[in-house]
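Read the structure below first, then the notes.
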Amino acid sequence: MDSSFCVVLSACSVVSAAFVATDSVCAPVTLSVTACVVASVVTCVQLCMQAYTAELYATLGLYISLIVTNCIIIARAEIFASRNSVLFSALDGFANGLGFTLVLLLIGGVREIIGQGTLFAGMEQLVGEAGSSMKITFFSADKGLLIAILPPGAFITLGMLVAVKNFMDNRLFVKVTSKKRDAETTIVNE
């Protein structure tokens, strides 16, 4: 449920910033107006969660502003929305929200597996009784790594995911450059 709020929040913020970035607002105050718009959207999402998903709000209410980090949205809105049309800004906002959602889900999943040995534990809080059958247990909780479920575990997990991505990028770069070098050698030899 929080992932859908992440996507909606990102898309709404960027669309709003695209409207603000038009000629209707002078350049020196664009960032301030954009920050106010983003803060308003975050507040609206918080109020909607409080009204319609009270149990989820009780769990996440304090962290809603952190789920979609306002600074990243503001920077992205300033960079992209101020230079592109509203349609492209909306698509970009939706894609960014979806990307943030996937990264948050991946980090959360890795932390839960390493820290508690489970995946989808507590899903009944989000989807009702049907969620209780979704729990997957990999190992007992007493064998989990406590730091993974503590706040520093998120940063450690993010660092490990970035390291894996960099490793994959380097392997791809080496593979592409070696193929290019082989193709150039073949052309020279002919």
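What the table below lists for this structure:
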quantity: Cross-link partners of Lys165 among lysines (Cα-Cα below 24 Å; sequence separation of 8 or more within a chain); calculated: Lys175, Lys179, Lys180
quantity: Exposure ranking of Met49, Met134 by accessible area [1.4 Å probe, largest first]; calculated: Met134, Met49
quantity: Sulfur and carbon atoms: percent of accessible area, region 77-189 [1.4 Å]; calculated: 70
quantity: Amide H contacts under 5 Å for Phe138, placed H, 5+ residues apart; calculated: Thr118, Leu119
quantity: By average C-beta atoms within 10 angstrom, highest first, the peptides 97-109, 144-156; calculated: 97-109, 144-156
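The values are calculated or read from the model by the stated rules, or taken from the named source; none is laboratory data. Quick caveat: nothing in here was measured; it's all calculated off a predicted structure. Positions of Cβ are generated from backbone atoms using ideal geometry, with glycine treated the same way; all protein chains shown enter the neighbour counts. Side chains are part of the model used for accessible areas, which takes the heavy atoms of the whole protein and leaves out ligands, DNA and RNA. Shrake-Rupley method; radii C 1.70, N 1.55, O 1.52, S 1.80 Å.
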